1. Go through the residues of the stretch 681-690 one by one and say whether even a single one is among the charged types (D, E, K, R) and in contact with a helix residue (DSSP H, G or I) (Cβ under 9 Å, 6 or more places away or on another chain).
2. It is to be established whether one or more residues within the stretch 358-373 are in a helix (DSSP H, G or I) and under 24 Å from the mean Cα position of the chain (by Cα).
3. Is it the case, given these coordinates, that Asn407 is closer than 23 Å to Asn344 by Cα, polar (S, T, N, Q) and modelled with pLDDT under 90?
4. Taking Glu638 as the residue in question, decide whether it is touching a residue at least 60 places away in the same chain (Cβ under 8 Å), among the acidic types (Asp, Glu) and surrounded by 13 or more Cβ atoms within 10 Å (Cβ to Cβ).
5. Given the conditions (1) in a helix (DSSP H, G or I); (2) in contact (Cβ under 8 Å) with a residue 24 or more places away in the chain; (3) polar (S, T, N, Q), which single one is not true for Ser573?
6. Condition first: closer than 30 Å to Pro688 by Cβ, open to solvent by less than 30 Å² (accessible area, probe 1.4 Å) and part of a loop (DSSP other than H, G, I, E, B). Now tell me which residues in the stretch 581-633 satisfy that.
7. Conditions: (1) touching a residue at least 40 places away in the same chain (Cβ under 8 Å); (2) surrounded by 19 or more Cβ atoms within 10 Å (Cβ to Cβ). Ala306 meets all but one. Number of the miss?
8. Name the residues in the stretch 669-685 that are among the hydrophobic types (A, V, I, L, M, F, W, C) and either in a loop (DSSP other than H, G, I, E, B) or surrounded by fewer than 19 Cβ atoms within 10 Å (Cβ to Cβ) (or both), would you?
Amino acid sequence: MTSLDAHRVVDAVWKMESARIVAGLVRMVGDVGLAEELAQDAVLAALEQWPEAGVPGNPGAWLMAVAKRRAVDHLRREERRDRGQEQLAHDLATRPDDGERDVDDVVNALDGEVGDDVLRLMFVSCHPVLSTEARVALTLRLIGGLRTDEIARAFLISESAVAQRIVRAKRALADAHVPFEVPSGPERAARLSSVLEVIYLVFNEGYAATAGDELMRPSLCLEALRLGRVLAELTPDEAEVHGLVALMELQQSRSAARTGPSGEPVVLHEQNRGRWDPLLIRRGFAALLRARQAGGPLGPYVLQAAIAACHAGAATPEETDWPQIAALYEALVRVLPTPVAQLNRAVALAMAYGPRAGLTLVDTLTGEPALKGYHLLPAVRGDLLARLHRHDEARTEFERAASLTRNSAERAVLLRRAATCAEEAGKAGETGNARKTGKAAATGKTREAGETEGKAKETGEAAEAGGKAAEAGDAGLADAHVTLGGAAGLFLARPDLSADTMRSYRQTLTRLCRHLGEKAPLRDVTSHRVAEVFAAAWGTAAGATWNRHRAALRSFATWAAERGWAATDLAASLDRRPEPRARTRPIDRSRLESLWKRPDIPLRERTLWLLLYESAAPAEWALSLNVEDLDLPGMRGEVKARGHWLRWQSGTAALLPLLVEGRRRGPLFLADRRPGPGRMPAAADLCPDTGRGRLSYERAEYLFKRATADLDPEGGGCTLHRLRHSRLAHLGEDGWSAPMLMSLSGHGSVRTLHGFVRIPRPADTVA
């Protein structure tokens, strides 16, 4: 092995094992700075010995063993430890060490668990006695295993500055005699909040760099994700920890779509969602589910993760549930009343209820001292002003935002938007001058036509012009100059549209205006250009989605043609797509039989799944059952809200008495733990004996998917709906008729069963 190879191997091992090695040493010597020095001595020894002797089988344990011996030597030399520490040094020095033991075993031998030591080190590195910059640098150094030069490059500062931060941080911890422990009681929550803040600061610096030429620094995002996942494993009952992990996973899933070909930023609603990482989205949803299971009141990270989940769950930007996001931001500002949270809420309000609603809130933030140098405040205000066609004001705001940002990519985008607003303002000025000239000429002609006749004519022209102005919008343009955006606004403002229809139509027309330009003359919009927009926006969408947007466009085109504004049928080039009925493939019977027999399946899950399969009932019905609703001898249970009896067979009948043993009332299927005080369910959903709540559909679905991942070719697991579908398919194969299936499963219409049995047509019916 060459010296270069040794350096690469040592770097890799150090990044993976540094946190555990340093944490174990801190507990031995009681000093963070000294512990890192001892660990670095072990690294130097590896660089000297591994090129000749080769890499040991367990390099992490080798480094720990060498560092441990250095610590023992130090304890002996200093002779300033109490009797217990001297005895520890003696035990460590006399214990055999072959250098090949697993690093977990080595550190466990030091009277504790590796995970506990790493968690202690996290709390020490993020101690409030340190400045924010020092906490970030020390955490990346000790927990992340990054070298000083790597941290300096990540934050675009000098290496000497980072080194000084780390040295001062170690000295401050030593001077303050910070104990190497996990705090308890009220202090734990405050200290944990500091740890989460540091991790999220690291992630944000990577996700949206505050300075430099690049918009993102992926290495910092990945490091923050790694730290968050480690912390989540060490604190499985902390909802906010899982909330932070969920937030980072979901935000990181969009990283590939956040920049264009030249590195320019791409805003969320214009991103290609096909480039979002589905694995990270699934991991984010799983972390959010773990946060919900942990219970307790909703904290800021859980709420922000829920907002990110709303974006991740929308297949297209138009399907984003902005009212729900606005409601979540309202809850967020109650627990995190910061100006930045209010600014984000303003954006959500603008998307949900129009730019004027957002601008009203933004204007209240302009005097906030915390946002004085924050470039996103004028950027958001400029965007809202531009959407309200106040282009001169918008240009000023974009230019101000560009002067405040230190990121080159963001500055370039803001300056381009300022230039666009200047162009739009110039066009609006020219249009205004043309209107004044036209009005003056019309007035002159009216006066020349004679007093009586002229007044009548003037009145008639004014009425006609007023009518056209009302139809063409605030611009008051002639038919030949009606814009796409103006016509779309009038079309959506019609009183005969319901709220749902208007929301659906707005999705289509907003995308059309975004691609073709709101100021594009409507007469210049051709069916060919519209087809290009549809191909780019919904070319790969399902048939139902394509047809919905096509229908909205046809309604708009018909309405515009009636007024003589549209020259052609705008939807002429768009064919209706077939909408095949979705088919769910049933699960093989033999695989289900093996699932029932698996020894690792808990009693609750086994009972629920068998009940769903044997009754062919919806999962919501089974989960709504109470213990008092069961007729165990009759092998049935009453779903009172539906007036339907679920009937099961011997498999479920054998398990239910074990599940309800000792309980007389309350939900049949209970959650894993008691609910938190801030999320107490209704009394009907609480078990009076155990205090636990009713098992939720989401949790039941997650457990079934996890258990059936091997049955799904895509690895995502099967749904509870598919389990019910499988039962109906199997019974249909066994010759059950449609009425028999209806009686068992609770289907309200025979037509809904056509996929499982043949439904006779009237001509086939025998009188």
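The values are calculated or read from the model by the stated rules, or taken from the named source; none is laboratory data. Just so we're clear, the structure is a prediction, and the values are computed from it rather than from any experiment. Please note: Cβ atoms are built from the backbone with ideal geometry, for glycine as well, and neighbour counts cover all protein chains shown. Accessible surface is based on the protein model in full, side chains and every heavy atom, while ligands, DNA and RNA are left aside. Shrake-Rupley method; radii C 1.70, N 1.55, O 1.52, S 1.80 Å.
1. The answer is no; no qualifying residue exists.
2. Looking through the stretch 358-373, at least one residue is in a helix (DSSP H, G or I) and under 24 Å from the mean Cα position of the chain (by Cα).
3. yes
4. So Glu638 does not fit the description; no.
5. Against the list (1) in a helix (DSSP H, G or I); (2) in contact (Cβ under 8 Å) with a residue 24 or more places away in the chain; (3) polar (S, T, N, Q), Ser573 comes up short only on (1).
6. Ile601, Ala617, Pro618, Leu625
7. Ala306 satisfies every listed condition except (1).
8. The answer is Phe669, Ala671, Met680, Ala682, Ala683, Ala684.
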